[in-house]
Amino acid sequence: MATVAEKLRQARESQSLTIHQVAEITKIRTDHLRALEDGNFDMFSAPVYIRGFVRTYATLLKLDVPQTMSALDGELGQTEKFREPPPLSNQPRGVVDFAMLQLSKLDWRKSLLALGAVVVLIVFGNLLLGWKHRRAADPLAGLKPAVYQPAQNASGDTLPVPSPRR
């Protein structure tokens, strides 16, 4: 079974295209095209470049792109360098990383609108409960039954009352 590199080279040669013509059409550098046709994937720093270049190249050559890409994934899985995607950092992921990932998925406009509605409902509910509690509360509820006794030290001074006019 032919490898992806051999299929690309055979398709290019059957259409009588040179590497330079393909590079001009696809805007892929000639050294990258040669590396793809040689199966030299170690020249690339990440598999995303290989996949993108092969997809573009296969589309130009009118090959079956899904079949070519699945064959390429099989070949990349056999290489040591591109078996697994490289980690972005060497640190393990924690709770904060998970929370930040979930927060990055939020639509902030809708979230702020929903948060504002919740705040309005909470404030309205608290005002309603406070109004009901104040209305139902008896201001004299804490007083014990007793008889009114005036203060003993009252001086007896009163304010002068104006005399009525005749």
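Per-structure values
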| quantity | calculated |
| --- | --- |
| Within the stretch 75-113, considering residues that are within 21 Å of LEU33 (Cβ to Cβ) and not in a loop (DSSP other than H, G, I, E, B), the one nearest to the chain's Cα centre (by Cα) | LEU76 |
| Residue in the stretch 40-55 that is farthest from PRO66 (Cα to Cα), counting only those that are in contact (Cβ under 8 Å) with a residue 40 or more places away in the chain and surrounded by 15 or more Cβ atoms within 10 Å (Cβ to Cβ) | PHE41 |
| Listing of helices (runs of 4 or more DSSP H) fully contained in the stretch 1-57 that carry 2 or more residues being within 16 Å of LEU76 (Cβ to Cβ) and out of contact with any Leu (no Cβ under 8 Å at 6 or more places or on another chain) | 30-38 |
| Close pairs (9 angstrom Cβ cut-off, 6 or more residues apart or separate chains): without any contact (Cβ under 8 Å) to a residue 12 or more places away in the chain and under 22 Å from LEU17 (Cα atoms) in the stretch 59-76, among the basic types (Lys, Arg) and open to solvent by 70 Å² or more (accessible area, probe 1.4 Å) anywhere | VAL65/ARG55 |
| Test: residue in the stretch 77-97 that is open to solvent by less than 80 Å² (accessible area, probe 1.4 Å) and touching a Ser or Thr at 6+ places or on another chain (Cβ under 7 Å) | no |
| Tally, over the stretch 130-166, of residues that are assigned to a loop (DSSP other than H, G, I, E, B), small (Gly, Ala, Ser) and either modelled with pLDDT under 70 or surrounded by 10 or more Cβ atoms within 10 Å (Cβ to Cβ) (or both) | 4 |
| Count of residues meeting criterion [of a type in the set (Gly, Ala, Ser) and under 30 Å from PHE44 (Cα atoms)] in the stretch 71-103 | 4 |
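The values are calculated or read from the model by the stated rules, or taken from the named source; none is laboratory data. As the structure is a computational prediction, the values presented were derived from the model and not from experiment. Neighbour counts run over all protein chains shown; Cβ positions are idealised from the backbone, glycine included. What goes into the accessible areas is simple: the full protein's heavy atoms, side chains included, and nothing from ligands, DNA or RNA. Shrake-Rupley method; radii C 1.70, N 1.55, O 1.52, S 1.80 Å.
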